[in-house]
Amino acid sequence: MTAVPAASPPTVAIRCAAVTKHYGSGETRIAALRGVDLAVQEGGLTMLVGPSGCGKTTLISILSGILSPSSGELSVFGTDPSRLSDGERAEWRASTVGFVFQQFNLLPALTAAENAAVPLLIRGVPWKQAVEVARGHLAELGLGERCASLPRELSGGQQQRVAIARALVHDPRLLVCDEPTSALDHETGERVIDVLRTAALRSGRVVIVVTHDQRILRYADALLRMDDGCIVGDRSNTSAAPAEGT
Amino acid sequence: MRPLDHLAYRMLIGDRLKYLSLVAGLVFASLLVVQQASIFTGYSDRTGSWIYDSDGHDLWVMDEQVEMSEDSKPLLQTALSRVRGIDGVAWAVPLYKNYLKARLPDGKLITVRVVGIDDASLAGGPLGASRESLATLRRDQAILVNEAQLATILAVREADGSTRPLAVGDAISINEHQATVAGTFKATPDFFWDPVLYTTYSRALTMAPPERRSTTYVLVKAKSGVELAGLAARIRETTGFAALTTEEFAARTRTYVLAQTGILINFGITIVLGFIIGILVAAQTLYSFILENQRALAALKAMGVRNARIARMVVVQVFVVGVLGYGIGAGLAALSGSILDSVGLAFRVTWTTLSLGLLAILTSCLLAGLLGVRRVMRLDPASVFKT
Ligand SMILES: Nc1ncnc2c1ncn2[C@@H]1O[C@H](COP(=O)(O)OP(=O)(O)OP(=O)(O)O)[C@@H](O)[C@H]1O
Ligand SMILES: [Mg+2]
């Protein structure tokens, strides 16, 4: 087993060594991760690509403290979330991680602004103040006019942007996104990635985006390729498109 | 309100249809529970009406085996003098009470409760009789009848088929003895339905079939300053009779009636059924509400809401619908009560009913909510990444 080096350079925010994850046991045991080693730098947009079923979602679930690895070493901003108690891990997620889910998972009874405000509410920010901040983020994502709409009144792309506003609203150090642009048209998708990248470039931030969308790969600062539970390619993209877009 | 509690509230009221059916289920349950419990209280109160309506004394002395006001086990006439001799007794008078047959002026035969009160003092007479009315008992053959029953159970059918209320001056024969309606009294509506007729003790004895034992109760007034419990104990020791205060006698009667009749069980069943139906509706709605929000709740968990906070959110939701539903339901019950009351049905809302009802409704909603919460707690936050 490879140990995490004691003195990691300050720019490395996330480090995995020999991380494995299997589901089930016995005959039905599935190895989703078979020994993942990786290092993710601060201040960039990392994209995670690979064929369906290769373990991308499993990996980001582990990095974001939703799942615990079966074995291996893990450090996210100096913390191994899998070593925290359930309560501590929940608290850690609330303060450290922003999520964009494949299914937007918006609360159907809440308006766009209220939905986007949820992470702030979880952290105890008063309702009005939280919704106000959320409105700002929605406006940034081009949804300023739809703050009072319910999710069912929004298109899929608009719902996804609400979900992204929700992921950014509490300014988390780690943002994990599973297919954030798949439901968006090209122009909207680029705009969304632009926002994600702006967030990523702030110092100390890490944004990991799982995607199949070839069109947005050029925005990646780093690209991780996965296959069959392993990282098979790790490339820093020095020629990433500028944050403002082209 | 804490931000997440506010969130819980918004989630709740955001789904109008669910919210309304939740509240409606609870309104229904609360209405039934409070209404039936209040009718029950009303009826159980009424078992003591005659006892409370009897005026002037402190203790009821009776055979120790008497189980309620309608159960006469008369004492020997010597009981009176034995009680009179006990220390602390200011005065004691006999009272006769028995079920007899009475024939109304139109020939109709009914069962009546004849109460004979002390000839000299008229103690034990109905609270609701005016002084003049009570005094008419000193006239020959006089009886007093319940004013409210003149036009109902005591109404007289005329030869032409019409009916008229029984009136002062009408003759009634009681157990083949002539009596004349001399006056009326007001009475608290009574659980027992046979009309009460008041007359004097000695006249009651002439009406009654000859018996060796003819003193149903000895009514006792304590000397001022004498402690009733002590006096009752002395009477019990000296004579072997039971001596009960009005409250105690009413309670004994109530307990007996509730235990011996199906009333308690009947109302109990209605209350429990209404309760169960309402709670099932509420529980089912609450549960499906939680199921429908499952993904979103799992997302909340992924975003760092602990199980305990999720549970708290459900408690907030339960509390809002519970209090609202109960408030409306209990309000409607009170409203229906004033209507029932005006048509003469027994109905009394007590604070005990109200608080126990609220407690029961909230507890069962909480249980229903916690069933749903258990599901949410077992939700895998990782499921949020699934399609
Ligand atoms: N809860 C689970 N129980 C059992 N097996 C699982 C579970 N979740 C994922 N798997 C399996 O683990 C493997 C990796 O799954 P994962 O969801 O991480 O893949 P993915 O790369 O995200 O795929 P996709 O691109 O289709 O979303 C797959 O073979 C999947 O079937
Ligand atoms: Mg996936």
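Just so you know, all these numbers are worked out from the coordinates, no wet-lab data involved. Because the structure is predicted, anything quoted here is derived from the model rather than measured. Counting neighbours? That spans all protein chains shown, and the Cβs are built from the backbone with ideal geometry, glycine included.
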Inset, instruction - Hand me the chymotrypsin sites (Phe, Trp or Tyr not before Pro) from the range B:190-230 located in a DSSP loop with no more than 10 other Cβ atoms within 10 Å, in residue order please. - result: B:W193
Legend entry - Exercise: per-residue mean of other protein chain Cβ atoms within 10 Å, B:2-12: 5
Inset, instruction - Find, among the trypsin sites (Lys or Arg not before Pro) in the range A:72-118, those assigned to loop by DSSP (not H, G, I, E, B) with at most 13 other beta-carbon atoms within 10 angstrom. - result: none
Inset, instruction - Considering only A:V12, A:V232, A:V206, give the residue with the highest GNM mean-square fluctuation for chain A, with springs between Cα atoms whenever their separation is below 10 Å. - result: A:V232
Legend entry - Over the range B:1-159, relative contact order from alpha-carbon pairs under 8 Å, at least 6 apart, %: 16 percent
Legend entry - Euclidean distance between Cα centres, the range B:1-38 to the range B:179-256, Å: 51 Å
Inset, instruction - Specify the angular offset, from 0 to 90 degrees and rounded to the nearest 10, of the alpha carbon long axis of helix B:16-46 from the longest principal axis of the alpha carbons in chain B. - result: 20 degrees
Legend entry - Coarse-grained scattering of chain B at q = 0.13 Å⁻¹, given as base-10 log I(q)/I(0) from a Debye sum over alpha-carbon atoms: -1.01
Legend entry - Average beta-carbon neighbours from other chains, 10 Å sphere, peptide A:57-68: 3
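What's the Cα-based Rg to Rh of the protein assembly as shown, Rh via Kirkwood? The partial results should precede the final answer.
Details: Rg = 41.1 Å, Rh = 31.2 Å.
The Rg/Rh ratio comes out at 1.32.
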Inset, instruction - List the trypsin sites (Lys or Arg not before Pro) within the range A:5-75 that fall in a DSSP loop (any state other than H, G, I, E or B) and whose Cβ has at most 14 other Cβ atoms within 10 Å. - result: A:R29
Legend entry - Under the Karplus curve 6.51 cos²θ - 1.76 cosθ + 1.60, θ = phi - 60°, whole-Hz ³J(HN,Hα) for the range B:225-241, x wherever Gly or Pro sits: x, 7, 6, 5, 4, x, 4, 4, 5, 5, 5, 4, 5, 6, 10, x, 8
Legend entry - In Hz, Karplus ³J(HN,Hα) per residue of the range B:339-349 (6.51, -1.76, 1.60; θ = phi - 60°; x = Gly, Pro): 6, 4, 4, 5, 9, x, 7, 6, 7, 9, 8
Legend entry - Sum of side-chain charges, B:W91 neighbourhood, beta-carbon under 11 Å (Lys, Arg +1; Asp, Glu -1): +1
Inset, instruction - Under a 10 Å cutoff between Cα atoms, tell me which one of B:A79, B:A232, B:A120 has the largest fluctuation in the Gaussian network model of chain B. - result: B:A120
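Please return the longest stretch of chain B lacking exposed loop sites, where trypsin sites (Lys or Arg not before Pro) count only if DSSP places them in a loop and at most 16 other Cβ atoms lie within 10 Å.
Numbers: sites that count: B:K108, B:R139, B:K186, B:R212, B:K223, B:K386.
It works out to B:224-385.
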Inset, instruction - Sum up the lysine pairs in the protein assembly as shown that clear both bars: alpha-carbon distance under 26 Å and a spacing of 8 or more or different chains. - result: 19
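Mean residue ellipticity at 222 nm from the helices of chain A, using -39,500 (n - 2.57) per DSSP H segment of n ≥ 4 over the full residue count, to the nearest 500 deg cm²/dmol? Write out the running numbers ahead of the final one.
Details: 6 runs with 73 residues, N = 246.
Rounded to the nearest 500, the figure is -9000 deg cm²/dmol.
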Inset, instruction - Measure nothing but the geometry: give the 0 to 90° angle between the long axis through the Cα atoms of B:246-260 and the longest principal axis through the Cα atoms of chain B, rounded to 10°. - result: 60 degrees
Inset, instruction - First select every other residue whose beta carbon is under 10 angstrom from the beta carbon of A:A134; then total the charges, Lys and Arg +1, Asp and Glu -1. - result: 0
